[in-house]
Amino acid sequence: MQDRVKNQVLALHMLRIPVNLSSKIKRVQTQRYIMVYAVIMAGGSGTRFWPKSTKKLPKQFLSLFGEGTMIQNTVHRIEELIPQERTLVITNDNYTDIVKEQLPGVPDQNIVGEPVAKNTAPCVAIAAQMLHKKDPEAVMVVLPADHHITNPEAFNEILKSAIEKAKSGKNLVTIGINPDRPETGYGYIHADDALKESYNGHEVHPVKAFKEKPDLETAKEFVASGDYFWNSGMFIWSADTILQEFEAHLPKMYEQVQESRSGLYEENHEEAINTFYHACESVSIDYGIMEDAKEVFVVPGEFGWNDVGSWTAAYELADKTKDGHVVNADQATFSESKNVYVSSDSGKMISVVGLEDVAVVETDDAILVCKLDKAQNVKDIVQQLKDKEEFRKFL
């Protein structure tokens, strides 16, 4: 054994490669063969985008910003890093056919239909188990299906840094957004600036804490400190590492997902998934694991991110006329109006008189008119429709 080590050192010397550099080369070569997979979370109902977003066709399957639906844009955005054959989509059982139609490059066996909605932790658990069974060294990039990013090149560079950090150890990595305003609609990540590192040319910080959506004064303090970033809900880790975190923090769910393993990718594949979902609790990955985990890191960046959480966001992201109007309709006219968002697929003439800062959204069977600064309250209308049986047909 000693002779073999001596021969290796001698060979490196003859090649004029320093021994310490050879270890770095070996590490890079090892990492190169660790495969990276995408997990797209596409099970949401998009209630704040009613009436455009409905049970039959929720927000992630809509085209809100020109070409491509939101889920198509999410998958295509990272395709240079992760091809569709290494992409998993976790969606509602009712939407699997829509996913197959919109993403024909994703293998059918990689499309998981959730029989019941159980938040994000079960989604991550079953995806990790599926990947771990096929590839025990798999690294998974977990992304929501319905985010909008205006600078995909910058995003992919940030993603490369996060992947590199995830590969370097048993690390849980998330992507933070540099805040440009005190926002009360997002959670925040408190980063440790003193212990930051650099991966792929980008800063990587240990996470001190995750903070819930703050009030305005607290949000101002967060932004002023420079140590807080918006929580994007995007995660990167190895399948093995996150399963170990489930074992530590959600042990019952870990046992349940372990029981599903033998059936995955077998004849009883769907049965194994359904059994797991019906048995497990409903909990978010943030609350169930991230808030208590130890080796958590954030890669902050700026790449034109928006979670498109309301019609207000759709208005802000769209091109506008000189009067501030956004027109996604065949025909629209305005008089004494400013900053109006109009959306209609019916071909009807939409005319707006004397209104400012409003959204007008028309579909075949519903019309929404709301102030843009009250767009978050559309969910209250959706709840009223749910509460009355005769109104449920409009959902």
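The values are calculated or read from the model by the stated rules, or taken from the named source; none is laboratory data. Every value quoted in this text rests on a predicted model; they were computed, and no experiment measured them. Reconstructed Cβ throughout: ideal geometry from the backbone, glycine too, with neighbour counts over all protein chains shown.
Looking for whichever is in a helix (DSSP H, G or I) and surrounded by fewer than 18 Cβ atoms within 10 Å (Cβ to Cβ) here; the options are GLU255, GLU281, GLU245, GLU266. Which one fits?
GLU255
With respect to being hydroxyl-bearing (Ser, Thr, Tyr) and not in a loop (DSSP other than H, G, I, E, B), THR184 falls outside the description.
Filtering region 365-395 to residues that are closer than 18 Å to TYR341 by Cα and acidic (Asp, Glu) leaves only ASP373.
In region 166-182, the condition of being out of contact with any His (no Cβ under 7 Å at 6 or more places or on another chain), surrounded by 15 or more Cβ atoms within 10 Å (Cβ to Cβ) and of a type in the set (Asp, Glu) is met by no residue. Applying the set (1) under 12 Å from ALA125 (Cβ atoms); (2) over 20 Å from the mean Cα position of the chain (by Cα); (3) not in a loop (DSSP other than H, G, I, E, B) to ALA272 leaves exactly one unmet item: (1).
Restricting to strands (runs of 3 or more DSSP E) lying wholly in region 65-146: which have 1 or more residues that are buried (at least 24 other Cβ atoms within 10 Å of the Cβ), under 15 Å from the mean Cα position of the chain (by Cα) and assigned by TED's automatic domain parsing to the domain that holds GLY233?
Details: elements: 87-92, 111-114, 139-144.
Per the criteria, 87-92, 139-144.
Suppose the filter is under 19 Å from ASP307 (Cβ atoms), under 21 Å from the mean Cα position of the chain (by Cα) and among the aliphatic types (A, V, I, L, M); does ILE163 pass it? Here the answer is no, as ILE163 does not meet what is asked. The numbered conditions (1) among the polar types (S, T, N, Q); (2) assigned by TED's automatic domain parsing to the domain that holds MET130; (3) touching an Asp or Glu at 6+ places or on another chain (Cβ under 9 Å); (4) not in a helix (DSSP H, G or I) are all true for SER343 except (2).
Of the residues VAL308, VAL327, which single one is modelled with pLDDT under 95, in a loop (DSSP other than H, G, I, E, B) and farther than 20 Å from GLU212 by Cβ? Working first, answer last.
Working: VAL327 fails: in a loop (DSSP other than H, G, I, E, B).
Being modelled with pLDDT under 95, in a loop (DSSP other than H, G, I, E, B) and farther than 20 Å from GLU212 by Cβ holds for just one of VAL308, VAL327, which is VAL308.
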